[in-house]
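Heads up: the structure comes next, in structure tokens.
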Amino acid sequence: MQSLPSEAAPAANDALTALRGVGPALAEKLERLNIRRPEDLLFLLPQRYEDRTRITPVGALRPGQTAVIEVEVALTEVVYRRRRSLLCRVSDGTGQLTLRFFYFSRAQQNGLQRGTKLRAYGTARPGPAGLEMVHPEYRLLAPGRAPALEDRLTPIYPTTEGLQQTRLRGLIQQALDRWLPQIEDWLPGELLADFSLPALDEALAYLHQPPTGADLTELAAGKHPCQRRLALEELLAHHLSLRQLRERARHERATPVPGDAALRDAFFSSLGFELTGGQQQALADIDRDMAQAHPMMRLVQGDVGCGKTVVAAAAALAAVGAGQQVAIMAPTELLAEQHRESFFRWFDPLDVRVGWLSGSLRGKARNLVLQELADGTTQVVVGTHALFQEGVDYRRLGLVIVDEQHRFGVHQRLELMEKGRSGDLRPHQLVMTATPIPRTLAMTLYADLDVSAIRELPPGRQPVQTVALAEARRSDVVARVREACSAGRRAYWVCPLIEDSDLIESQAVESTHKLLTEALDDIPVGLVHGRMKPEQKDRTMKAFAAGELGVLVATTVIEVGVDVPEASLMIIENAERMGLSQLHQLRGRVGRGDAASACVLLYRSPLSRLARERLDTMRRVSDGFELARKDLELRGPGEVLGTRQTGLMQLRVADLIRDADLAAQVQTIGRQLLGAAPAAVEALIHRWVGGAHRFGKV
Ligand code: ADP
Ligand code: MG
């Protein structure tokens, strides 16, 4: 597509080295923070602020408060309780406090004589003898001298290794001086006035250097009007870029797929069940879209277990009937493998040729698959993102299906569509997700997609009975697993990631595996975790699906999509650490057949109030949409759909949950700009979304 419109500030494209003191090495470090142009520095906002603008009387300090105090030393001593430490008792006439140091020098100790005056900055915490500050920053004050305090709040920026806070602060100061005055505000003034939002330069200046007296609580919560203004602009930019993509797709060509009644009828009659109303509706939407000469861009959203795979299979058959190839991509090898089995089981009797491609496929086997994709022998191929790697060519790819879309980023999806094109024809695309998100958010996040929602589960499903038990009851739970297995049922035992390390996680599952193997003597117990080889994982999963294993100990690798209808008992350890949505995904692995199913949430006491409420909610609520709403309410900003979890969008300022209420404004403003201000649209996308989306150009 076009480059930046000429009326954009030329400075917006200056190289980083235009900053004083920035050479190639520093530029590289900045790029690690996603800063490619000086203007980007303006949008690197402080994570938090320190208030060094005023002195707080010691008597007014509350536990947890971080403040500057000005005090006189009453007593300094070294104590040897548990750990050697230097204690310095200080007071300012309004109250007393202890400064505590674990690391200190003799000189430091000597400097803190009784009667010495000092100014300290630290966080007050309850200690054995009243409030204390551990390792505060401090400086001694010469008699009669009181250096000036800061006149602005001190910004603390997210930084990266080898880039010091003060250095970064200096660079941002340069950007504020030189680039802020020429920054272009692309949001029309009337709009800002309508929504009572500040202008861009005003918002940026304020957020980098809030004045004395700024509301730190509001800033920390991300609710300040200046933050809202930026969040609005960022969400708007993403929204616009998605809308543009969708516009563009309307002008793209795709092969119309009329649908193949014979193949479909044969498929449906082999299933042994009727589609639910929601499945039929989604399929009708898909058929209507695929009959067009433009690429379908449809999202099928539906709770775990609602039967999205069958819908995908029916869509695939339509494409196959029209002589097209279909690629089905899953986020994990485990899930891909499972789809491969389902599709093979369904399609082989229909003489539809199903292929398989994953990252672990190598050598001759891989070459054979590639050849059959290229010559069109393979009609439906299932796999991981390996489906769209270099060297994979399709003869006539007509439909791309992406399962559990929330595991991929928008970018990945776009990239995939780009690779799927042949000549001027694009494949239709169908994406599926079980992440239930509120409608307003869906409109922002999936602005390039049409959405079909499946709101019901297949009939005959029994709700999963859920209980929360303290870990002390583990042996009761083991007994329950034994009972279930003796009755021919199967159980998952999930040990989620509790430390941020694969290694520790696999150790945790390994020891649980050992423990259960011993406790359940004659019942075979399997193990899968992220550090195992894919083939090994697959083998174990298959054994579990086939009933050769009674219990599967697993990490959250089984969270998404795994389908073993005979499994009817799910134990989740450390459930108190997990969010509702994740618990819901895991719980969705049971209750897929017609046996009564149960989920045991094992927790470690004591429970925080929030954790208690979460577990309680899990016990009461089984509807995924309802749980998502509750999750938002309980966890608030960032956690539920935060990019950390989903990779949906890389957001710098906005938070999809916290700022969800901006969605309506985003839509309104988006509509206005798209019609009236194409230059603003381009510039906003360039500023916030950058190049990542832009390869979709023609
Ligand atoms: P998800 O939407 O979570 O991907 P799946 O497609 O894996 O759900 O379906 C869950 C289970 O329900 C599968 O075993 C599938 O065969 C079964 N199923 C799907 N649709 C129906 C239906 N209409 N009636 C009965 N069972 C169904
Ligand atoms: Mg699924």
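The values are calculated or read from the model by the stated rules, or taken from the named source; none is laboratory data. Bear in mind that the values here come from a model prediction, so they are computed numbers and not experimental data. Quick reminder, even Gly has a Cβ in these numbers, built from the backbone with ideal geometry, and neighbours come from all protein chains shown. SASA here: full protein model, heavy atoms, side chains in, ligands and nucleic acids out. Shrake-Rupley method; radii C 1.70, N 1.55, O 1.52, S 1.80 Å.
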So, over other residues within a Cβ distance under 13 Å of GLY130, counting Lys, Arg +1 and Asp, Glu -1, the net charge is +3
Can you tell which of GLN389, LEU140, THR276 lies farthest toward the positive end of the dipole of the chain, using +1 and -1 charges on the Cβ of basic and acidic side chains (Lys, Arg; Asp, Glu)? LEU140
Gyration tensor verdict on the stretch 472-620 (Cα atoms; rounded if a/c is under 1.5, prolate if a/b is larger than b/c, oblate otherwise): rounded
Sorted by accessible surface (1.4 Å probe, heavy atoms of the protein chains only), largest first, GLU190, GLU337 come out as GLU190, GLU337
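Could you sort 136-147, 161-172, 88-99, 610-621 so that the peptide with the highest average Cβ count within 10 Å comes first and the rest follow in order?
88-99, 610-621, 161-172, 136-147
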About its Cα centre, how strong a charge dipole does the stretch 54-140 have in debye, to the nearest 20, once Lys and Arg get +1 and Asp and Glu get -1 at the Cβ? 300
If unit charges are put on Cβ atoms (+1 for Lys and Arg, -1 for Asp and Glu) and the dipole of the chain is taken about its Cα centre, the option from LEU163, ALA124, ALA314 lying farthest towards the positive end turns out to be ALA124
Within the set of other residues whose C-beta is less than 15 Å from the C-beta of ALA146, count the net charge using Lys and Arg as +1 and Asp and Glu as -1. +1
I'd like to compare 664-671, 226-233: which one has the highest average count of other Cβ atoms within 10 Å, and what's the full order after that? 226-233, 664-671
Would the stretch 131-198 count as rounded, prolate or oblate if I go by the C-alpha gyration tensor, calling it rounded below 1.5 in a/c and otherwise prolate when a/b exceeds b/c, oblate otherwise? prolate
Dipole moment magnitude, nearest 20 debye, the stretch 13-58 about Cα centre, only Lys, Arg, Asp, Glu C-beta charged: 160
List, largest first, the extents of the alpha carbons of the stretch 54-140 along their principal axes, each in whole Å. 30, 25, 19
Averaged over every viewing direction, what's the projected area of the C-alpha convex hull for the chain? Give it in nm², one decimal, please. 36.0
If unit charges are put on Cβ atoms (+1 for Lys and Arg, -1 for Asp and Glu) and the dipole of the chain is taken about its Cα centre, the option from ILE523, ALA231, THR98 lying farthest towards the positive end turns out to be THR98
Shape of the stretch 94-208 from its Cα gyration tensor (a ≥ b ≥ c, root eigenvalues): rounded if a/c is under 1.5, otherwise prolate when a/b > b/c, or oblate? prolate
Applying 1/(1 + (r/R0)^6) with R0 = 60 Å to the Cβ-Cβ distance of THR668 and GLU510, what FRET efficiency is obtained, to the nearest 0.05? 0.65
Taking Lys and Arg as +1 and Asp and Glu as -1, residues besides PRO458 with C-beta under 14 Å from its C-beta add up to -1
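Rounded to the nearest 20 debye, what is the charge dipole size of the chain about its Cα centre when +1 sits on each Lys and Arg Cβ and -1 on each Asp and Glu Cβ?
1900
Go ahead and run the numbers for FRET between LEU75 and LEU33, Cβ-Cβ distance against an R0 of 45 Å, rounding to 0.05. Walk me through the numbers on the way to the answer.
Working: r = 45 Å, r/R0 = 1.00.
Using R0 = 45 Å, I get an efficiency of 0.50.
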